[in-house]
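Notes for the one structure printed next.
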């Protein structure tokens with residue numbers, strides 16, 4: 001009886017978005033972005049796993065940790081400042097282009113579904129962004 005009453009009178013949870021529209025940058029993420037080629041090369045040399053293979057991910061943390069261990073204290077401090085700047089303002093255009101290419105379609109799809117779910121509204125989206133080479137790309 002008590003269990004049923006508690007179950008029926010519990011606080012209702014509010015629905016959270018599945019997508020987080022922002023990122024809090026950490027020094028580790030900044031170091032990875034700045035030394036991406038070196039980290040991927042190390043993983044390939046040490047484990048033989050190619051970038052994007054499922055087996056690569058188990059070697060990723062160790063490779064980034066080794067790259068961070070080799071950096072001087074000055075560079076680590078600079079990475080902390082860069083992470084704070086990127087979190088408060090925005091990352092450089094190259095990083096923005098990577099995020100737009102990787103997460104842009106998912107963000108748009110989530111927005112469209114939420115607009116349909118909450119308002120029964122159809123939305124047409126035309127997006128444009130610059131890629132790493134500076135070319136403007138379009139998507140509908």
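Hey, among 65, 50, 13, which residue is in a helix (DSSP H, G or I) and out of contact with any strand residue (DSSP E or B) (no Cβ under 6 Å at 6 or more places or on another chain)?
None of the others qualify; the one that does is 65.
Given the condition at pLDDT below 90 and in a helix (DSSP H, G or I), answer yes or no: does some residue in segment 83-94 qualify?
yes
Before we move on, is residue 28 in a helix (DSSP H, G or I) and within 26 Å of residue 106 (Cα to Cα)?
Answer is yes for this residue.
Could you grab me the full set of residues in segment 1-30 that are within 30 Å of residue 66 (Cα to Cα) and without any contact (Cβ under 8 Å) to a residue 12 or more places away in the chain?
20, 22
Looking at 58, 80 in this structure, which one is in a helix (DSSP H, G or I), in the same structural domain as residue 46 (by TED's automatic domain parsing), touching a residue at least 40 places away in the same chain (Cβ under 8 Å) and surrounded by 11 or more Cβ atoms within 10 Å (Cβ to Cβ)?
When all the criteria are applied, what remains is 80.
So how many residues does segment 102-140 have that are in a helix (DSSP H, G or I) and out of contact with any strand residue (DSSP E or B) (no Cβ under 8 Å at 6 or more places or on another chain)?
Here the count works out to 15.
The values are calculated or read from the model by the stated rules, or taken from the named source; none is laboratory data. Worth saying up front: this structure is predicted, and the values here are computed from it rather than measured. Positions of Cβ are generated from backbone atoms using ideal geometry, with glycine treated the same way; all protein chains shown enter the neighbour counts.
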